[in-house]
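Just below is one structure, and these are the notes that go with it.
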Amino acid sequence: MKHRTTRVAVLGAGLQGSSVALALAHAGYAVTLLDRAPGPLYRSSLRNEGKIHLGFVYCNDPDRKTPPLMLRCALEFAPLLERWLGHALPWAEWRSAPFQYALMRESMVNLFDIQQAFHRLDADYRAMRDSSMSYLGVNPDRLCGEAIPVLEGSHFSCARVSHTITTSELALDLTPFCAAVRQILIHDQRIDGRYGVDVREVKRRHGGFEICGHTRDGAQWTTEAEVVVNCLWEGRLLVDDMLGYAPSRPHLHRLKYRLIGSMKKSVPGLMSCTLILGAFGDLVLNKSGRHYFSWHPGCMLESTNRIAPPDSWQAACDGVVTDEIRQKVTAAIMHGLGDVIPSVTSVQPLAVDAGVICAWGETDIVDPSSGLHRRHDIGVHEHDGYYSIDSGKFTCAPAFARDLVQLLK
Ligand SMILES: Cc1cc2nc3c(=O)[nH]c(=O)nc-3n(C[C@H](O)[C@H](O)[C@H](O)COP(=O)(O)OP(=O)(O)OC[C@H]3O[C@@H](n4cnc5c(N)ncnc54)[C@H](O)[C@@H]3O)c2cc1C
């Protein structure tokens, strides 16, 4: 068994690395948290949709394992973070409007099968529910209602959407959430945060590891640790490969853009929304008025099966996009999502940025057999003192950090 003064180097300070650092510090380990960004939570963990998945969107998983995994992780998300921080967090300020699922007429899965999958998830939830549960500070009786046909005059185009199902699913407003967690991490005396350092190599040394890289000004840099936890997301497979742990199957890195915008006028009754099932879009309504808009064909602009994405993706993932991309993404969302939810055309664009999505599989979501519908084969991989975490989804980060600490113990 490892001694509690074991020094653990956590590579990557997205929500996965940050959760691992908090969980390890809480368990008494000495933690160094490394990231090339100027601080924690500036990359995919800041630039995603923020949905804390209950599992609905994975209803096409033939193994039926992804929805229960998401449900477990979602229900652990808030309690684990609060346990490690030692205090409550203001979830009510950060919670989005609940999600409605809108069944597109060209959905890959029919209404009957969708309803069956949603009911299964709801039944799983009700079987495990107890009074102390906190899904982002709420404890709903049920996860979803019945499918309702879309009528003329609703928020959706009848020509495009046949039914809606209202759920208890929520997203987090990522700007204030990440800012709050960032401040906690930066001021946490138990965590040695080293930012602005690019990890280039990890080598096994007697009794531990040497981690090498360089700083923003190009200076060489090294540190040592007895245990390494790789939470580098799009940089993860490259470092695993250097240590001899090549990916065992095909993988896909995708660059996905998003639009943050406000509504020019309020739209009574409109909820957050996911269009299912296929390469469609999402809308997340936040209390801050900074809403999330996405239209898959106009936002998923690049993909690669290479072991790491090209450097040309970096700028967009740091929030820097060209005027041409900003206009292209905004126009695609207005046109694509606006054709399904007409009130979206009144959006006032505020920002466009992107994040990387790493997943197993070779093809995109439009392929019914794509690995992207199966997201259950994720989590912690252990290799004799070296741990590599495939976080899979933002939703799973705290649960996988807890799994890591249990493995270390
Ligand atoms: C548009 C979009 C929408 C999404 N929507 C959702 C959603 O609604 N719900 C959900 O659960 N998930 C969603 N995801 C997925 C989610 O964003 C990721 O699963 C999650 O953020 C991964 O967290 P992470 O900590 O592993 O990665 P990151 O947050 O990217 O953290 C990895 C860190 O490693 C650092 N790093 C990488 N390489 C190096 C290196 N060589 N040296 C030093 N540092 C390095 C990076 O700077 C970064 O800070 C979405 C993703 C995108 C792009």
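The values are calculated or read from the model by the stated rules, or taken from the named source; none is laboratory data. Model, not experiment: these values are computed from the prediction. Quick reminder, even Gly has a Cβ in these numbers, built from the backbone with ideal geometry, and neighbours come from all protein chains shown. In case anyone asks, the SASA skips ligands and DNA or RNA and just uses the protein heavy atoms, side chains included. Shrake-Rupley method; radii C 1.70, N 1.55, O 1.52, S 1.80 Å.
For the stretch 48-67, filtered to residues that are charged (D, E, K, R) and within 6 Å of the ligand (Cβ to nearest atom), the residue that is least open to solvent (accessible area, probe 1.4 Å) is LYS51.
So, of the residues in the stretch 32-45 that are among the hydrophobic types (A, V, I, L, M, F, W, C) and surrounded by fewer than 24 Cβ atoms within 10 Å (Cβ to Cβ), which turns out to be nearest to the ligand (Cβ to nearest atom)?
Taking the stretch 32-45 and keeping what is among the hydrophobic types (A, V, I, L, M, F, W, C), we get 33-34, 37, 41.
In the following step, the residues that additionally are surrounded by fewer than 24 Cβ atoms within 10 Å (Cβ to Cβ) were identified as 37, 41.
Values: ALA37: 4, LEU41: 7 Å.
Step by step, filter the stretch 32-45, then rank; the result is ALA37.
Only one entry of ARG95, ARG105, ARG160 meets the criterion of being at pLDDT 95 or above and within 29 Å of ALA21 (Cα to Cα), and that entry is ARG95. Inside the stretch 151-173, residues that are open to solvent by 20 Å² or more (accessible area, probe 1.4 Å) and assigned to a loop (DSSP other than H, G, I, E, B) make up a count of 10.
Residue pairs whose Cβ atoms lie under 9 Å apart, sitting 6 or more positions apart in sequence or on different chains, and linking a residue in the stretch 133-153 that is closer than 15 Å to GLU169 by Cβ to a partner that is assigned to a strand (DSSP E or B) and open to solvent by 50 Å² or more (accessible area, probe 1.4 Å), are CYS144/THR166; GLY145/THR166.
In the set ARG95, ARG105, which member is exposed (fewer than 14 other Cβ atoms within 10 Å of the Cβ), in contact (Cβ under 8 Å) with a residue 40 or more places away in the chain, in contact with a strand residue (DSSP E or B) (Cβ under 7 Å, 6 or more places away or on another chain) and under 19 Å from PHE56 (Cβ atoms)? Working first, answer last.
Numbers: ARG95 fails: exposed (fewer than 14 other Cβ atoms within 10 Å of the Cβ).
That would be ARG105, the only listed residue that is exposed (fewer than 14 other Cβ atoms within 10 Å of the Cβ), in contact (Cβ under 8 Å) with a residue 40 or more places away in the chain, in contact with a strand residue (DSSP E or B) (Cβ under 7 Å, 6 or more places away or on another chain) and under 19 Å from PHE56 (Cβ atoms).
Residues in the stretch 196-249 that are part of a strand (DSSP E or B), away from the ligand (no atom under 13 Å from the Cβ) and either among the hydroxyl-bearing types (Ser, Thr, Tyr) or open to solvent by less than 20 Å² (accessible area, probe 1.4 Å) (or both): GLY208, PHE209, THR222, ALA225, VAL227. Here CYS144 meets each of (1) buried (at least 18 other Cβ atoms within 10 Å of the Cβ); (2) not assigned by TED's automatic domain parsing to the domain that holds GLY281 with one exception, condition (2). Residues in the stretch 310-364 that are modelled with pLDDT under 95, under 24 Å from the mean Cα position of the chain (by Cα) and part of a helix (DSSP H, G or I): VAL344 only. Please verify whether THR5 is farther than 20 Å from ALA316 by Cβ and either within 7 Å of the ligand (Cβ to nearest atom) or open to solvent by 20 Å² or more (accessible area, probe 1.4 Å) (or both), treating the condition exactly as stated. Taking the combined requirement at face value, the residue satisfies it.
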